[in-house]
Amino acid sequence: MKIIEVKDYQQMSNKAAEYIIEKVVQNPSIKLGLATGGTPIGTYKSLIEDHKKNGTSYQKVTTFNLDEYIGLAGDNKNSYRYFMDDQLFNYIDINKAKTNIPSGIAADFQDECNRYEDLIAKHGGVDLQILGIGSNGHIGFNEPGTSFASKTHIVKLAPSTIQANARFFKGMEEVPTQAITMGISTIMKSKEILLLVSGDNKKEALYRLMNGEISESFPASVLKNHPCVTIIADKAAIADLKVQC
Ligand code: GLP
């Protein structure tokens, strides 16, 4: 894993956007894996600014998001579909029909998981997957204990994740308790992974990722088995690594 240190959230966002733009320019039909949460918001802002200023085009790009809450329709402000439209897709020239997110209101969620996994495979897999990390090491919504062999599946969210994500909702009781997420093996099939880590509340997770063992009890540790991972982390998140040097 290669780690790039940047000053702060803004710099992380700029650097990540530069990285993605370069890949899109090299391969206009790229399959991008996208993430939600607070971490990538700045990156998406930078992509929008660049699109307006330099005209980088996303017309041929296909996207696959990591996850979606079960029970939330796309027009619900807290759904990840709404998030993606609102934070990125509505402001670039992407073809919405090429933007894929698991459905939170499918008639049969197991069928939806299978459909999504197959859809990614049919497109030849994800070329570049953007990831954030949960403070408990989750990637997508793969909570500690998830099998490294998992495909797209239904998850019960950990209490710590529900608490962490409550900031986007009116209250904790409004946060769905289940989600559909790409599995760990789905994520690991991506040809390349870009992990973004920012802030003091992620420093323990980053420390454990860099220094801990590879274990299903810390899902992000699986990334050490991937041949092409770049981490962009800011000073606050890297702080604990420095103490050890
Ligand atoms: C959320 C998302 C993850 C995200 C992580 C960190 O629950 N499902 O994809 O990477 O938790 O979120 P944040 O970036 O808000 O810290």
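Of the residues in segment 199-228, how many are surrounded by fewer than 19 Cβ atoms within 10 Å (Cβ to Cβ) and of a type in the set (A, V, I, L, M)?
2
Restricting attention to segment 149-158, does a residue exist that is within 15 Å of the ligand (Cβ to nearest atom), among the basic types (Lys, Arg) and closer than 23 Å to Asp200 by Cβ?
Among the residues of segment 149-158, not one is within 15 Å of the ligand (Cβ to nearest atom), among the basic types (Lys, Arg) and closer than 23 Å to Asp200 by Cβ, which makes the answer no.
Which one of the conditions (1) more than 19 Å from Pro102 (Cβ to Cβ); (2) in contact (Cβ under 8 Å) with a residue 60 or more places away in the chain; (3) touching a Ser or Thr at 6+ places or on another chain (Cβ under 6 Å) does Thr186 fail to meet, given that it meets all the rest?
Every listed condition holds for Thr186 apart from (1).
Is at least one residue of segment 112-126 more than 23 Å from Met210 (Cβ to Cβ) and aromatic (Phe, Trp, Tyr)?
From segment 112-126, those more than 23 Å from Met210 (Cβ to Cβ) are 112-126; that's our starting set.
With the extra rule that they be aromatic (Phe, Trp, Tyr), the set shrinks to 116.
Yes, that holds for at least one residue.
Just for segment 138-148: of the residues that are open to solvent by 20 Å² or more (accessible area, probe 1.4 Å) and among the small types (Gly, Ala, Ser), which one is nearest to the ligand (Cβ to nearest atom)?
Here the answer is Gly145.
Can you find, within segment 125-137, the residue that is nearest to the ligand (Cβ to nearest atom) among those that are part of a loop (DSSP other than H, G, I, E, B) and either under 20 Å from Ala16 (Cβ atoms) or touching a Lys or Arg at 6+ places or on another chain (Cβ under 7 Å) (or both)?
If we filter segment 125-137 for residues that are part of a loop (DSSP other than H, G, I, E, B), which is where we start, we get 125-127, 132-137.
Add one more test, that the residue is either under 20 Å from Ala16 (Cβ atoms) or touching a Lys or Arg at 6+ places or on another chain (Cβ under 7 Å) (or both), and what stays is 125-127, 132-135, 137.
Values: Gly125: 19, Val126: 14, Asp127: 18, Gly132: 3, Ile133: 6, Gly134: 5, Ser135: 7, Gly137: 10 Å.
The residue in question is Gly132.
Cβ contacts < 9 Å: first residue closer than 17 Å to His153 by Cα, restricted to segment 116-135; second residue within 11 Å of the ligand (Cβ to nearest atom) and part of a loop (DSSP other than H, G, I, E, B), any location; separation 6+ or different chain. Result?
Tyr116/Met182; Glu117/Met182; Ile120/Met182
Restricting attention to segment 160-185, and to residues there that are of a type in the set (Ser, Thr, Tyr) and open to solvent by less than 10 Å² (accessible area, probe 1.4 Å), which single residue is farthest from Arg81 (Cα to Cα)? Before the answer, list the steps.
So in segment 160-185, the residues of a type in the set (Ser, Thr, Tyr) come out as 160-161, 177, 181, 185.
Filter again for open to solvent by less than 10 Å² (accessible area, probe 1.4 Å), leaving 161, 181.
Numbers: Thr161: 19, Thr181: 13 Å.
Selected residue: Thr161.
For the list (1) open to solvent by 40 Å² or more (accessible area, probe 1.4 Å); (2) in contact with a Lys or Arg (Cβ under 9 Å, 6 or more places away or on another chain), I need the number of the one condition that Leu88 fails.
If we test Leu88 against (1) open to solvent by 40 Å² or more (accessible area, probe 1.4 Å); (2) in contact with a Lys or Arg (Cβ under 9 Å, 6 or more places away or on another chain), just (1) comes out false.
Out of curiosity, is Ala16 open to solvent by less than 50 Å² (accessible area, probe 1.4 Å) and in a helix (DSSP H, G or I)? Break it down stepwise before answering.
Values: open to solvent by less than 50 Å² (accessible area, probe 1.4 Å): yes; in a helix (DSSP H, G or I): yes.
Considered against the rule, which asks whether it is open to solvent by less than 50 Å² (accessible area, probe 1.4 Å) and in a helix (DSSP H, G or I), Ala16 comes out as yes.
Going by the structure shown, is Ala16 within 14 Å of the chain's Cα centre (by Cα) and either modelled with pLDDT under 95 or closer than 26 Å to Gly124 by Cα (or both)? Before you say what the answer is, go through the steps one by one.
Details: within 14 Å of the chain's Cα centre (by Cα): yes; either modelled with pLDDT under 95 or closer than 26 Å to Gly124 by Cα (or both): yes.
For Ala16, the condition - within 14 Å of the chain's Cα centre (by Cα) and either modelled with pLDDT under 95 or closer than 26 Å to Gly124 by Cα (or both) - is met.
Among the residues of segment 234-245, is any more than 22 Å from Tyr69 (Cβ to Cβ) and touching a Leu at 6+ places or on another chain (Cβ under 6 Å)? Write out each step before concluding.
Filtering segment 234-245 down to residues more than 22 Å from Tyr69 (Cβ to Cβ) leaves 234-245.
Narrowing the set further to residues that are touching a Leu at 6+ places or on another chain (Cβ under 6 Å) leaves 237.
Scanning segment 234-245, I find at least one residue that is more than 22 Å from Tyr69 (Cβ to Cβ) and touching a Leu at 6+ places or on another chain (Cβ under 6 Å), so the answer is yes.
Restricting the search to segment 133-156, which residues are farther than 21 Å from Gly212 by Cα and either touching a helix residue (DSSP H, G or I) at 6+ places or on another chain (Cβ under 8 Å) or not hydrophobic (A, V, I, L, M, F, W, C) (or both)?
Of all residues in segment 133-156, those farther than 21 Å from Gly212 by Cα come to 150-156.
Answer for segment 133-156, where residues must be farther than 21 Å from Gly212 by Cα and either touching a helix residue (DSSP H, G or I) at 6+ places or on another chain (Cβ under 8 Å) or not hydrophobic (A, V, I, L, M, F, W, C) (or both): Ser150, Lys151, Thr152, His153, Ile154, Lys156.
The values are calculated or read from the model by the stated rules, or taken from the named source; none is laboratory data. Only a predicted model underlies this, so the values are computations on that prediction, with no experimental measurement involved. Note: ideal-geometry Cβ built from the backbone for every residue, glycine included; neighbour counts use all protein chains shown. Areas reflect the complete protein model, heavy atoms only, side chains present, ligands, DNA and RNA absent. Shrake-Rupley method; radii C 1.70, N 1.55, O 1.52, S 1.80 Å.
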